[in-house]
């Protein structure tokens with residue numbers, strides 16, 4: 001992905017707006033640097049006007065931080081394989097709890 005006009009819009013340089021050069025679109029995109037993460041979160045602002053894109057990015061940033069840091073939303077989009085692994089891992093943990101509860105209950109009955 002090629003970018004042009006990269007402009008930081010906050011003092012900490014955690015939010016940057018840019019236009020992509022690999023498309024004909026004039027839409028501004030946002031790049032967010034979330035504390036504790038090693039990758040950037042990139043989103044389209046869906047806005048052509050820089051001022052509107054900046055307002056959107058400044059409003060979206062705190063929401064994004066909460067979703068990623070508090071609710072463990074992945075910073076990058078997951079592919080099907082990663083989603084399937086995550087789902088299977090959760091099911092395995094659930095079954096471990098069920099099986100251990102069953103075994104404990106079986107021991108107390110004997």
### Summary
Within the stretch 3-19, the residues that are surrounded by fewer than 17 Cβ atoms within 10 Å (Cβ to Cβ) and either within 18 Å of residue 77 (Cα to Cα) or in contact with a strand residue (DSSP E or B) (Cβ under 7 Å, 6 or more places away or on another chain) (or both) are 3, 4, 5, 6, 7, 8, 14
### Message
Looking at the stretch 44-56, can you tell me whether even one residue there is surrounded by 12 or more Cβ atoms within 10 Å (Cβ to Cβ) and either touching a helix residue (DSSP H, G or I) at 6+ places or on another chain (Cβ under 7 Å) or farther than 30 Å from residue 21 by Cβ (or both)?
### Response
yes
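State which residue is nearest to the chain's Cα centre (by Cα) when the search covers only the stretch 20-37 and only residues that are buried (at least 19 other Cβ atoms within 10 Å of the Cβ) and under 18 Å from residue 74 (Cβ atoms).
Filtering the stretch 20-37 down to residues buried (at least 19 other Cβ atoms within 10 Å of the Cβ) leaves 28-30, 32.
So of that shortlist, the ones also under 18 Å from residue 74 (Cβ atoms) come out as 30, 32.
On the way: 30: 13, 32: 10 Å.
Selected residue: 32.
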#### Entry: Check on residue 40, modelled with pLDDT under 95 and loosely packed, with under 10 Cβ neighbours inside 10 Å
no
### Summary
Filtering the stretch 60-78 down to residues that are touching a helix residue (DSSP H, G or I) at 6+ places or on another chain (Cβ under 9 Å) and either exposed (fewer than 15 other Cβ atoms within 10 Å of the Cβ) or free of Cβ contacts under 8 Å to residues at least 40 places away in the same chain (or both) yields 73, 74, 78
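Yes or no: residue 57 assigned to a helix (DSSP H, G or I), touching a strand residue (DSSP E or B) at 6+ places or on another chain (Cβ under 6 Å) and touching a residue at least 12 places away in the same chain (Cβ under 8 Å)?
So residue 57 fits the description; yes.
The values are calculated or read from the model by the stated rules, or taken from the named source; none is laboratory data. Please read all numbers here as calculations on a predicted model, not as lab measurements. Here Cβ is always computed from backbone atoms with ideal geometry, including for glycine, and neighbour counts include all displayed protein chains.
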